[in-house]
1. Does Ala143 count as small (Gly, Ala, Ser) and touching a residue at least 12 places away in the same chain (Cβ under 8 Å)?
2. Output the number of the condition that Thr270 fails; it satisfies all remaining conditions of (1) crowded, with 16+ Cβ neighbours inside 10 Å; (2) at pLDDT below 95; (3) of a type in the set (S, T, N, Q).
3. Among what's in the range 140-178 and is in a helix (DSSP H, G or I), over 26 Å from the mean Cα position of the chain (by Cα) and of a type in the set (Asp, Glu), pick the residue that is surrounded by the most Cβ atoms within 10 Å (Cβ to Cβ).
4. Looking at the range 233-267, which of the residues that are assigned to a strand (DSSP E or B), in contact with a Lys or Arg (Cβ under 6 Å, 6 or more places away or on another chain) and not hydroxyl-bearing (Ser, Thr, Tyr) is surrounded by the fewest Cβ atoms within 10 Å (Cβ to Cβ)?
5. Sort out which residues of the range 55-74 are under 17 Å from the mean Cα position of the chain (by Cα) and open to solvent by less than 30 Å² (accessible area, probe 1.4 Å), and write them in order of number.
6. Mind checking which residues of the range 273-301 are at pLDDT 95 or above, outside any loop (DSSP other than H, G, I, E, B) and either closer than 24 Å to Leu246 by Cβ or touching a Gly at 6+ places or on another chain (Cβ under 7 Å) (or both)?
7. For the range 62-81, does any single residue satisfy the condition of being assigned to a loop (DSSP other than H, G, I, E, B), at positive phi and at pLDDT 95 or above?
8. Could you please let me know if Arg137 is within 14 Å of Ala213 (Cα to Cα), within 17 Å of the chain's Cα centre (by Cα) and among the basic types (Lys, Arg)?
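The values are calculated or read from the model by the stated rules, or taken from the named source; none is laboratory data. On a predicted model such as this, the values are computed, not experimentally measured, just so you know. Here Cβ is always computed from backbone atoms with ideal geometry, including for glycine, and neighbour counts include all displayed protein chains. Each accessible area value is taken on the protein alone, full model and side chains, heavy atoms only, with ligands, DNA and RNA left out. Shrake-Rupley method; radii C 1.70, N 1.55, O 1.52, S 1.80 Å.
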Amino acid sequence: MHSGHIPVLLQETLRLLSPVPGEVFLDGTAGAGGHAEEIATRIGPDGILVCADADPGMLAIAASRLQGFECARTAHADFSDFGKLQGVAGGRMFDGMLLDLGLSSIQLEDPSRGFSFREDGPLDMRRDPGAPVPTARDILRKASEKEMADIFYRFGEERFSRRIARAIVSRREREPLEGTLQLAELVKRAIPRKAWPRDIHPATRVFQALRIAVNHELSSLSAFLDGFAGHLAPGGRVAVISFHSLEDRMVKVAFRGRSAGENAVLEVLTRKPVVPGAEEIHANPRARSAKLRAARIGGPKEDPCRESW
């Protein structure tokens, strides 16, 4: 296993996706390949595993890890680009799909990516460093106070969003923000000391919100949730691991909407989200906010006898 990389909710994900030999799977967020390696082991040489990632560096790590598996194919693509991903699968429908929407510890621990406030780095935050999209630095330099406050509130659920946006505008009138530690310190000062969260750094929500905005993460997830059912084979399973209440809510609503009424196409496999146990959280503190939901093509409604996770 790659140093520092621990796949989240691994056994629970495998149980819900239940890959078997010869099946066609998509890991839409391959990361360092932790989940993908276990899926590849189960579908064997006669299966197909499409490993996609928007981050070419992470995709290279996954490809190296999976080089001994005949079934593995890689795609530098967003997980919502079904046309490209199904093409890599040879036009086959998928028997299973997985999204793990969290950042890899490898990405977080590389200061040059700008995702973390623990070491100084450029305010970049692009998952694909070559993507022609505005960086976090661009947003902090050009967005209006209201636009920034909306980003922090909507994507980070930061209740001091207006104060933080005001502080950024005041700062950039004197000099621009250049690095992650400068931004983290400014956010800390903008939030009243007594309102600092107990278990996370005061700048966590702002960094999260900027990352989501830079990478258009919610629109990608929305596109995936709109389209995945049309690319799953009968009986196909889908599992999504989210780390943010907005993402989890989107998944819950999409799964429920497709599993209700006469035209239902999904059977929901998780009445409540599956969350890590105390042992996993102790071993991997970043797993603490993870929530896993899963569904399967082919049921008008949930089986009332199904185990409640």
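1. no
2. Unmet condition: (2).
3. Across the range 140-178, the extreme among qualifying residues is Glu145.
4. Here is the first cut: in the range 233-267, the ones assigned to a strand (DSSP E or B) are 233-242, 266-267.
From the residues that got through so far, the ones that are in contact with a Lys or Arg (Cβ under 6 Å, 6 or more places away or on another chain) too are 237, 240, 242, 266-267.
Remaining after also requiring not hydroxyl-bearing (Ser, Thr, Tyr): 237, 240, 266-267.
Numbers: Arg237: 24, Val240: 31, Leu266: 25, Glu267: 21.
Result: Glu267.
5. Asp55, Met58, Leu59, Ala62
6. Val274, Glu280, Lys291, Leu292, Arg293, Ala294, Ala295, Arg296, Ile297
7. First, the residues of the range 62-81 that are assigned to a loop (DSSP other than H, G, I, E, B): 66-71, 77-81.
Then keep just the ones that are at positive phi; that gives none.
No, the range 62-81 contains no residue that is assigned to a loop (DSSP other than H, G, I, E, B), at positive phi and at pLDDT 95 or above.
8. On the way: within 14 Å of Ala213 (Cα to Cα): yes; within 17 Å of the chain's Cα centre (by Cα): no; among the basic types (Lys, Arg): yes.
No: the conditions fail for Arg137.
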